[in-house]
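What follows is a short report on a single structure.
What follows is calculated from the coordinates using simple rules that are stated; it is not laboratory data. Nothing here was measured: the structure is a model prediction, and the numbers come from that model. Here the Cβ is made from the backbone with ideal geometry for all residues, glycine too, and neighbour counts use every protein chain on show.
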Amino acid sequence: MNAITDLRGRVRDGAREAARPPGLLAASGLALRLAWRQLWSEKARLASAIAGVMFACVLVFMQLGFRAAPFESATTLIGAMRADLFLMNPMTLASFRPEPMARVRVSQALGVEAVQAAVPVYLAQSSFRNPETGRRRTIQLVGFDVEAGVLDLPGLAPLRDALKQPDSFAFDSRSRPEFGPVTQMFQERGAYPVQIGNREMRVVGTIEMGTSFGADGNAVLPEVNFQRVVREQPAVMVDLAAIRLKPGADLLQAQAALRAVLPPDVAVLTQAQLRAHERRYWEEGTPIGFIFTFGSLMGLIVGMVIVYQILFSDIAGHLKEYATLKAMGYSNGHLSRVVLGAAVVLAFLGFVPGVVASAVLYGVVADATFLPLHMTGGRALAVFGMIFAMCAAAGLLAMRKLRDANPADMF
Amino acid sequence: MMNPVEISDLTYAYGEGVLRREVLRDVDLRVAPGEIVLLTGPSGSGKTTLLTLAGALRAVQQGSCRVLGRELAGAREADRVALRRNIGFIFQNHNLLGFLSARQNVAMALELDGGTTDRGRLERAGEMLASVGLAEHAEKRPGQLSGGQRQRVAVARALVGSPGLVLADEPTAALDKASGQEVVHLLRDLARSRGAAILLVTHDPRILDVADRIVAMEDGRVVADGAARAVVG
């Protein structure tokens, strides 16, 4: 009773001061709660909205995955070569199509104090006859002095002795399956002959490198054997040189020293620089990047339209209720926060199943295509940002409909 | 003590130029504290426009319109929105949010007051619903209530914030005689006990008895203003 008298007293003043409105944070919380209650009340609509956001999310993840995969895989060959510095003909665009340089540059490099060892690397593509079906397929040959221990490929060290035999080579066990069950046959019966180019060679072991856009499979062989297969390439012309520095030597100082010693017909690159160079070719020289960026954009637009439709029809279907809230003193800004809140809720609810579905799909697609598709934290974050922006944009567009809720028209 | 509504020389027109059509002409109207004023007249007489101006839902064009002590002529949109929090609105249709319970709907009227807690709001909403006789229906959705019950929820929502003024537009239009009577009597009793003035637009002759004063309008002018008996008679 006391409370009522007190209230009456306040009202009697007539000009009671408007109650202090809640702070921005509290108001946003209330708006978000209202948005959630509205979404939750129509579960079928909520489910379709979530499905829409999830669809956009998966689409963007797949497009970004496909976009990054070739760039990532393009550098597999280079990435597998563990050396400190590389020499390369500056005209070389990509490793699968190298421009040769003079072998004497490799010897010149040895003149630099910090250099411990330098080996020439020969790169060529040849055909490999599937030992089971007899079909030929293009394979990447990597020839170098395996004993020098400069290029440190996984699985290579135990094969050094075996690779001393004439016509021997090591097969990349992560090559595409079209080359035949090479690894399996090796495990079953040991070394056996296969045809590379026009020469009969022997598989003496397997190493691990991985496929790339330029090569479906790889074979590593000592330079002598390389020259037996690739007869047209003179031994004095090499495609790449791998340099190992003395322990404790500074990478950048050594690079500068080499640069100073060597003539301008060779480029001196760190491994990171070589990878970047290789990547740039695929990014700039091919339309891959553009195609998949475009695909991601389409996914976002489709998702935005779906979310916009849901939010818009929510507002259009409740114009009277929104107008009533405005009459009660709710500002346009507060109601806009309700709409935006709904958009944000949809972004979260759609992203979570979307990222899970994408991770699963990455696995499925990676198994089928041998492309390196991985769910990375950075990419997940980027896609969440995009989905969030997409939903927010849809919310901002839908918000315009709130203006139609005019409380003066309610009477 | 000041009057909750003080309107003088209020003129309002829709449209521009040759399409300009005056719907209010030099209207004067006062509503005293706690007074219940019925606004009647044929459709097109301007009574609804007058109600929206008093409710700060439209910008004043000409004349003066003081509501709860605030001059609305030349007031900014944000000021009008803020003033509306001290006015209770009741519409022809209940316009309750279908996805909220009756109690949550009533509590919505309190959410704009930053000094309240969620629990406190729901408690006050529950008390208000009890005083309109809906204590046992507080958790129901509007869809589960009858027309009369929904309008009573709307009454509770309009009054829960202890407004200085209640504006109602044909609150009985969608109701049968019995529930219409019930709703307006509830409205009158609750407003009286809280000291709130009521300005009520209606065509409904069945509810004229609740009024202290009846104001009749025609063609945008007040044509009769007096004690309920006199005007009806």
Checklist outcome for this item: Between B:ALA13 and A:SER107, the two model label points (7 Å from Cα along the beta-carbon direction) sit apart by a distance in nm of 10.4 nm
Checklist entry - With charges only on Cβ, +1 for K and R and -1 for D and E, what is the dipole size of segment A:90-265 about its Cα centre, in debye, rounded to 20? => result 320 debye
Checklist entry - Does anyone have the angle between helix A:377-399 and the longest principal axis of chain A? Alpha-carbon axes, 0 to 90°, nearest 10? => result 30 degrees
Checklist entry - Among all stretches of chain A without exposed GluC sites (Glu not before Pro) (DSSP loop, at most 12 other Cβ atoms within 10 Å), which one is longest? => result A:233-411
Item to check | Calculated from backbone phi, Karplus (6.51, -1.76, 1.60) coupling profile of segment B:66-71 in Hz, x at Gly/Pro | outcome: 9, 10, 6, x, 9, 7
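Give a quick list of trypsin sites (Lys or Arg not before Pro) in segment B:17-117 that DSSP marks as loop, anything other than H, G, I, E or B, with at most 15 other Cβ atoms within 10 Å.
Loop-located and lightly packed - B:ARG20, B:ARG76.
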Item to check | Kirkwood hydrodynamic radius of chain B, Cα pairs, Å | outcome: 18.1 Å
Next on the checklist: My understanding is that a pair violates if its Cα-Cα distance is over 24 Å; which of A:LYS401/B:LYS47; A:LYS326/A:LYS401; B:LYS47/B:LYS140; A:LYS326/B:LYS177; A:LYS320/B:LYS47; A:LYS164/A:LYS246 do that in this structure?
Outcome noted: A:LYS401/B:LYS47; B:LYS47/B:LYS140; A:LYS326/B:LYS177; A:LYS164/A:LYS246
Next on the checklist: Using alpha carbons only, how many angstrom separate the centre of segment A:161-229 from the centre of segment A:20-77?
Outcome noted: 47 Å
Next on the checklist: How far apart, in nanometres, would the label points at A:GLU99 and A:ARG82 be if each is projected 7 angstrom from Cα along the Cα-to-Cβ direction?
Outcome noted: 3.2 nm
Checklist entry - Long-range amide H contacts for B:ILE36: which residues qualify at under 5 Å (H placed 1.01 Å from N, peptide plane, sequence gap of 5 or more or a different chain)? => result B:ILE198, B:ASP212, B:ARG213
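As an exercise, use a Förster radius of 25 Å and the Cβ-Cβ distance of A:ASP250 and A:ALA276 to find the FRET efficiency, rounded to the nearest 0.05.
0.75
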Checklist entry - What nm distance separates the two modelled labels at A:GLN184 and A:GLU232, each placed 7 Å from Cα along Cα→Cβ? => result 3.5 nm
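So, R0 is 25 Å and r is the distance between the beta-carbons of A:SER48 and A:ALA359; what FRET efficiency does that work out to, to 0.05? Before the final figure, lay out the partial values.
Values: r = 23 Å, r/R0 = 0.92.
Efficiency computed from Cβ-Cβ geometry: 0.60.
If you place +1 on the Cβ of every Lys and Arg and -1 on the Cβ of every Asp and Glu, how big does the dipole about the Cα centre of segment B:1-74 come out, in debye to the nearest 20? Provide the component values of the computation, followed by the final result.
Numbers: 8 positive and 8 negative charges, 37 e Å.
My answer is approximately 180 debye.
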Checklist entry - How far is helix A:43-74 tilted, in degrees, relative to the longest principal axis of the Cα atoms in chain A, given as a value from 0 to 90 rounded to the nearest 10? => result 20 degrees
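Looking at segment A:90-265 only, what percent of DSSP beta bridges run antiparallel? Nearest 5 please. Kindly include the intermediate steps, with their values, before the conclusion.
On the way: 25 of 34 bridges.
Here the share of antiparallel DSSP bridges comes out near 75 percent.
Between exposed GluC sites (Glu not before Pro) in chain B, where DSSP calls loop and at most 12 other Cβ atoms lie within 10 Å, what's the longest gap? Walk me through the intermediate numbers first.
Details: sites that count: B:GLU16, B:GLU139.
Longest run free of exposed loop sites: B:17-138.
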Checklist outcome for this item: At the level of C-alpha centres, the distance separating segment B:1-19 and segment A:99-118, in angstrom, is 94 Å
Item to check | Whole-Å distance, taken between Cα centres, linking segment A:289-331 and segment B:21-76 | outcome: 37 Å
Item to check | Alpha-carbon radius of gyration plus Dmax, which is the widest Cα pair, for segment A:266-404 in Å | outcome: 21.4, 77
Item to check | Check: the protein assembly as shown dipole with +1 on Lys, Arg Cβ and -1 on Asp, Glu Cβ, in debye | outcome: 620 debye
Next on the checklist: As a footprinting exposure proxy, order A:THR75, A:THR133, A:THR206 by other Cβ within 10 Å, with the fewest listed first.
Outcome noted: A:THR133, A:THR206, A:THR75
Checklist entry - Once amide H atoms are placed 1.01 Å from N in the peptide plane, what residues at a sequence separation of 5 or more from A:ILE139, or on another chain, have their amide H within under 5 Å of its amide H? => result A:SER126, A:SER127, A:PHE128
Next on the checklist: Tell me which of A:ALA162, A:PRO90, A:ASN130 sits at the most positive position along the dipole axis of segment A:90-265, charges placed on C-beta atoms (Lys, Arg +1; Asp, Glu -1).
Outcome noted: A:ASN130
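Using the reciprocal of the averaged 1/r over all distinct C-alpha pairs, how large is the Kirkwood radius of the protein assembly as shown in Å? Please report the intermediate quantities before stating the final value.
On the way: mean 1/r = 0.0322 Å⁻¹.
After inverting the pairwise mean of 1/r, the radius is 31.1 Å.
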Checklist entry - What is the helix-to-structure angle for A:24-41, meaning the angle in degrees between its Cα long axis and the longest Cα principal axis of chain A, kept from 0 to 90 and rounded to the nearest 10? => result 90 degrees
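For Cα pairs less than 8 Å apart in space and 6+ apart in sequence, what is the mean separation divided by the residue count of segment A:90-265, i.e. the relative contact order in percent?
On the way: 343 pairs, mean separation 58.4, N = 176.
Rounded, it is 33 percent for segment A:90-265.
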Checklist entry - Rounded to the nearest 500 deg cm²/dmol, what is the calculated helix-only ellipticity per residue at 222 nm for the protein assembly as shown, with -39500 (n - 2.57) per DSSP H run of length n ≥ 4? => result -14500 deg cm²/dmol
Item to check | Table column - 3J(HN,Hα) (Hz), segment B:163-176, Karplus curve with 6.51, -1.76, 1.60, x for Gly and Pro | outcome: x, x, 8, 10, 10, 10, 10, 6, x, 9, 4, 9, 10, 6
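When the expected Rg is taken as 2.2 N^0.38 Å, what fraction or multiple of it is the alpha-carbon Rg of segment A:90-265? Walk me through the intermediate numbers first.
Numbers: Rg = 16.9 Å, N = 176, 2.2 N^0.38 = 15.7 Å.
Expressed relative to 2.2 N^0.38 Å, the Cα Rg reads 1.08.
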